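Step one of this worksheet: look at the structure below.
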Amino acid sequence: MAAELRLGGRTFSPGELVVMAIVNRTPDSFFDRGATFAQDSALHAVERAVTEGAEIIDIGGVKAGPGDEVDVTEEIRRTVDTIAAVRNAFPDVVISIDTWRAEVAVEAVAAGADLLNDTWSGADPALARVAAETGVGLVCSHAGGLTPRTRPHRTAFDDVVADVVTTVTGLADRAVALGVRRDGILIDPAHDFGKNTRHSLEITRRLAELSDTGWPLLVALSNKDFIGETLDLPVPDRLEGTLAATAVSAWLGARVFRAHQVRETRRVLDMVASIKGDRPPTLTRRGLA
């Protein structure tokens with residue numbers, strides 16, 4: 001049974017569909033190519049995202065894919081001051097730090113982060129302990145056995161969804177055993193991470209099997225390679241594919257949606273929620289006069 005999700009000062013009911021806005025403090029993001037690398041640009045992006053309907057801001061300092069080395073000190077330099085500035089400017093927004101490193105997480109939480117978004121499937125086992133000791137939330141993901149910042153090569157699963165379910169629920173159970181709040185844990189199949197396009201499509205098609213675990217389900221679909229390969233489109237032209245996958249995922253039980261384009265994502269989620277009966281229409285004039 002779906003449960004409430006509590007992050008920072010916010011409590012999200014099972015019927016709420018939540019936008020997590022991506023703000024990358026990196027010069028080499030695959031999507032924005034460093035558009036929010038500068039501190040002032042990042043803060044402007046946060047302001048725009050909140051205005052457009054984001055409830056969570058996800059701040060990252062290391063590109064997910066291969067690239068220049070970013071050590072712990074540099075990752076902290078890129079993210080922690082931004083987290084503190086966002087916390088000061090938007091006291092009610094939920095702040096997420098996109099990191100797999102416990103050292104970074106400690107500094108991020110001290111600056112105001114509410115959620116540790118670990119997209120690398122517990123590569124640093126101490127990360128969950130940071131969540132337990134500080135009371136913040138934790139994302140438990142499936143990276144297909146890859147180490148951070150590596151790409152899949154001839155990856156294969158007997159049943160990719162079964163592998164995802166086993167991995168993320170195992171990480172969630174471990175987190176609870178360590179003392180992480182049950183109502184602060186999310187699971188993420190991590191589309192594209194350690195997977196090929198057919199794997200990511202199958203995961204999307206069978207998302208109900210993940211939502212049926214009872215853990216709040218996060219999906220990070222935005223402009224990813226599985227969308228680009230499915231439609232044969234470059235990164236700048238993947239919005240429609242992203243929104244189609246977003247709508248399907250929302251219908252199948254996903255609750256948090258990591259997104260670059262907040263306004264469009266928010267509108268799609270509001271429409272899905274209204275069709276499902278979880279959100280009333282904003283206006284109801286037609287046929288009433």
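Read-outs throughout are calculated quantities, based only on the coordinates presented, and are distinct from any laboratory measurement. Computed from a predicted model, the values in this text were never measured in an experiment. Note: ideal-geometry Cβ built from the backbone for every residue, glycine included; neighbour counts use all protein chains shown.
Judged by the mean number of other Cβ atoms found within 10 Å, the most tightly packed of the peptides 147-154, 6-13, 277-284 leads the ranking 6-13, 147-154, 277-284.
Hydropathy at least -0.5 by Kyte-Doolittle, axial extent at least 15 angstrom from the Cα trace: which helices of the chain, defined as entire DSSP H runs, fit?
Numbers: long enough: 39-52 (20 Å, -0.40); 72-89 (25 Å, -0.14); 160-178 (27 Å, 1.37); 239-251 (18 Å, 0.92); 262-276 (21 Å, -0.09).
Membrane-span-like by this criterion, though nothing is claimed about a membrane: 39-52, 72-89, 160-178, 239-251, 262-276.
How long is the gain from ARG151 to THR11 if the chain were fully straight, where each residue apart is worth 0.36 nm and the alpha carbon distance is subtracted?
Working: separation 140, 0.36 × 140 = 50.40 nm, distance 3.52 nm.
The ARG151-THR11 span can extend by a further 46.9 nm.
Counting only Cβ charges, +1 for Lys and Arg and -1 for Asp and Glu, the dipole size of the range 133-220 around its Cα centre is about 300 debye. Centroid-to-centroid, using Cα positions, the range 239-289 and the range 176-225 are 19 Å apart. Cross-link partners for LYS63 among the lysines, with Cα-Cα distance under 22 Å and sequence neighbours closer than 8 places in the same chain left out: LYS195, LYS224. One way to sum up the overall shape of the chain is the equivalent ellipsoid from its Cα gyration tensor, whose semi-axes run 26, 23, 21 Å, largest first. Here the calculated FRET efficiency for GLU229 and THR282, from their Cβ-Cβ distance with R0 = 41 Å, stands at 0.70, rounded to the nearest 0.05. Relative to the Cα centre, the charge distribution of the chain, modelled as +1 at Lys and Arg Cβ and -1 at Asp and Glu Cβ, gives a dipole magnitude of about 700 debye.
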